[in-house]
Amino acid sequence: FGSLIVAMIQFIKSSVKSMRGRNRGSCLYCCLECLLIYIERIAQYFHKWAFVYVGLYGYGYIDAGKAVMTLFQQRGCTAIISDNLVRRMLYLIAGCVGLCVGVVCALVGAMFGGAQGAHGDEMRIWTYLALFCGFLLGFLLSIIIMGAVGDSV
């Protein structure tokens, strides 16, 4: 419910900004922007932090949105709503998982390459290829899982 409203407001806001950039000084676009400011103030109660509050404390969605906004305003942390720190951290974790899987694949590739009698440059090429493929596989699979985690926050 809340995500749909916020997405629609953001779409309209970006459309008005692009139209206003093309038609400077138009009264209609100024009025639309003013209207969007008021709608945005109302929609501030519809965000993902309210979902967290609903899950933690069992409030209704509107009450949770008001409680979260009050909490952020009291603590001076209203910028946290616009910063997406959670998603950045999940990408960092996915990168670390990809690196670990890549290193394991490189070690296994080096062991099997040594067992097959590969030496020198041929060994390095297969090791780097295994590292790259392992990193890519681990990163992509963990991004899928982290995407589900990020959407639930």
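The values are calculated or read from the model by the stated rules, or taken from the named source; none is laboratory data. Given the structure is predicted, the values throughout are model-derived calculations rather than measurements. In this analysis, Cβ positions are derived from the backbone assuming ideal geometry, glycine residues included, and neighbour counts consider all displayed protein chains. Protein only, heavy atoms only, side chains kept; ligands, DNA and RNA dropped before computing areas. Shrake-Rupley method; radii C 1.70, N 1.55, O 1.52, S 1.80 Å.
Would you confirm whether any residue within the stretch 2-24 is at pLDDT below 75 and in a loop (DSSP other than H, G, I, E, B)? Yes: the stretch 2-24 contains one or more residues that are at pLDDT below 75 and in a loop (DSSP other than H, G, I, E, B).
Kindly evaluate Ile145 against the criterion of being at pLDDT below 80 and within 27 Å of Gln10 (Cβ to Cβ). Working first, answer last.
Values: at pLDDT below 80: no; within 27 Å of Gln10 (Cβ to Cβ): yes.
Taking the combined requirement at face value, the residue does not satisfy it.
Pairs are defined by a Cβ separation below 7 Å, a sequence spacing of at least 6 or placement on different chains, a first member in the stretch 63-81 that is surrounded by 10 or more Cβ atoms within 10 Å (Cβ to Cβ), and a second member that is of a type in the set (Gly, Ala, Ser) and modelled with pLDDT under 85; the pairs so defined are Ala64/Ala50; Gly65/Ala50; Val68/Ala50. Within the option set Gly113, Gly117, being touching a helix residue (DSSP H, G or I) at 6+ places or on another chain (Cβ under 6 Å) and either modelled with pLDDT of 80 or more or open to solvent by less than 80 Å² (accessible area, probe 1.4 Å) (or both) holds for one residue only, Gly113. Within the stretch 89-110, can one find any residue that is surrounded by 16 or more Cβ atoms within 10 Å (Cβ to Cβ), in a helix (DSSP H, G or I) and at pLDDT below 80? Within the stretch 89-110, not a single residue is surrounded by 16 or more Cβ atoms within 10 Å (Cβ to Cβ), in a helix (DSSP H, G or I) and at pLDDT below 80.
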